[in-house]
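Trainee: Below are the structure tokens for one structure; questions will follow.
The values are calculated or read from the model by the stated rules, or taken from the named source; none is laboratory data. Just so you know, these numbers come straight off a predicted model, no measurement behind them. Neighbour counts run over all protein chains shown; Cβ positions are idealised from the backbone, glycine included.
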Amino acid sequence: MRIESFLEQSPVFQVSRIARRMESSLNAALKQEELMFSESLMLAAIFLEKKRVRPSELARTFETTRGNVSHIVSSLEAKRLVRRRIDPDDARGFLLELEPAGRRKAARVAGILDRMQSGIEREIGAAKLEAALRQMDAVEKLCGQLTRG
């Protein structure tokens, strides 16, 4: 198609394509745990905290909507991995805690994600990976500036 040369040079398209492919690869790696990548990240985040977590904290951390977090938490609840508790300090809110099965699964998921990260760092090199992430951040900021006027 005629647009292909543009797409090959477009950082926006290439980052989007890479993200989709990486998520697909991670979903395949997590298939044995019967979780999607987004569910795994939420489960790992809850697992790594020393205290109960509010959904709004997860939304801020993952830079997503509270509705998206709620959808993922509902899926994790249906799998009996997470439970919502009314916040004793604010009855309008919820706190999330892992069920025993969720704690075990979260530990396995954290291991899978850690091995993936270690493998990437080993193959590319931690310094090169960090530099690439800084460069991607700079492109993202520039894109934001250009779209604001």
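Trainee: Filter segment 65-81 down to the residues that are surrounded by 15 or more Cβ atoms within 10 Å (Cβ to Cβ) and in a loop (DSSP other than H, G, I, E, B) and list them by number.
Mentor: Those that are surrounded by 15 or more Cβ atoms within 10 Å (Cβ to Cβ) and in a loop (DSSP other than H, G, I, E, B): LYS79, LEU81.
Trainee: Do you know which residues across segment 76-94 are within 25 Å of GLU34 (Cβ to Cβ) and more than 19 Å from the chain's Cα centre (by Cα)? I'd like the intermediate steps shown before the answer.
Mentor: The first filter runs over segment 76-94 and keeps only residues within 25 Å of GLU34 (Cβ to Cβ), leaving 76-85, 94.
Answer for segment 76-94, where residues must be within 25 Å of GLU34 (Cβ to Cβ) and more than 19 Å from the chain's Cα centre (by Cα): ALA78, ARG80, ARG83, ARG84, ARG85, PHE94.
Trainee: For the condition within 24 Å of MET116 (Cβ to Cβ) and either out of contact with any helix residue (DSSP H, G or I) (no Cβ under 8 Å at 6 or more places or on another chain) or of a type in the set (Phe, Trp, Tyr) (or both), what is the one hit in SER75, SER25, SER40?
Mentor: Among SER75, SER25, SER40, only SER25 is within 24 Å of MET116 (Cβ to Cβ) and either out of contact with any helix residue (DSSP H, G or I) (no Cβ under 8 Å at 6 or more places or on another chain) or of a type in the set (Phe, Trp, Tyr) (or both).
Trainee: Can you run down the residue pairs with Cβ atoms below 7 Å, 6 or more apart or on separate chains, where the first is in segment 86-111 and within 23 Å of ARG66 (Cα to Cα) and in a helix (DSSP H, G or I) and the partner is charged (D, E, K, R) and modelled with pLDDT under 95?
Mentor: Going by the 7 Å Cβ cut-off, the qualifying pairs are VAL109/GLU33.
Trainee: Do you know which residues across segment 117-149 are loosely packed, with under 11 Cβ neighbours inside 10 Å and either of a type in the set (Val, Ile, Thr) or in contact (Cβ under 8 Å) with a residue 12 or more places away in the chain (or both)?
Mentor: Correct list: THR147 only.
Trainee: From GLN145, GLN117, which residue is assigned to a helix (DSSP H, G or I) and either within 23 Å of SER38 (Cβ to Cβ) or under 20 Å from the mean Cα position of the chain (by Cα) (or both)?
Mentor: Checking each option against the conditions leaves just GLN117.
Trainee: Considering only residues that are of a type outside the set (D, E, K, R) and surrounded by fewer than 16 Cβ atoms within 10 Å (Cβ to Cβ), look in segment 37-63 and name the one that is nearest to the chain's Cα centre (by Cα). Explain how you work it out, then say what you get.
Mentor: Going residue by residue through segment 37-63, those that are of a type outside the set (D, E, K, R) are 37-38, 40-48, 53, 55-56, 58-59, 61-62.
Next cut, surrounded by fewer than 16 Cβ atoms within 10 Å (Cβ to Cβ) only: 48, 56, 61-62.
Values: LEU48: 14, SER56: 15, THR61: 9, PHE62: 6 Å.
My answer is PHE62.
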